[in-house]
Amino acid sequence: MNKNLIKVFNQEKADELSSLGFKYVIETVNGKSVYSFFVSEEIINYINSKFDKKDFFLNNKLTF
């Protein structure tokens, strides 16, 4: 199964992506905010070139 969500822990990184037009949903996981973006070619290219691997991970689950 393909991973269709990008999870970001850092609000500044999430805001950076948001300022570029990417929309996110805020989840709470273990009492912490996680910012979830839908995967697209554009966002994958951006995070691979600008973010460290520890700044995000790919997942299929969205929790509320």
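Only the coordinates and a few stated rules stand behind these numbers; no lab work does. Keep in mind the model is a prediction, meaning the values are calculated, not measured. Don't worry about glycine lacking a Cβ; one is built from the backbone with ideal geometry, like all the others, and counts go over all protein chains shown.
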Elements of type strands (runs of 3 or more DSSP E) contained in the chain, each with 3 or more residues being under 9 Å from the mean Cα position of the chain (by Cα) | 5-8, 32-38, 56-59
Looking at the stretch 11-29, which of its residues are surrounded by fewer than 16 Cβ atoms within 10 Å (Cβ to Cβ) and in contact (Cβ under 8 Å) with a residue 12 or more places away in the chain?
-> Gln11, Leu20, Lys23, Val25, Thr28, Val29
Restricting the stretch 30-64 to residues that are surrounded by 11 or more Cβ atoms within 10 Å (Cβ to Cβ) and β-branched (Val, Ile, Thr), the residue that is nearest to Leu5 (Cα to Cα) | Val39
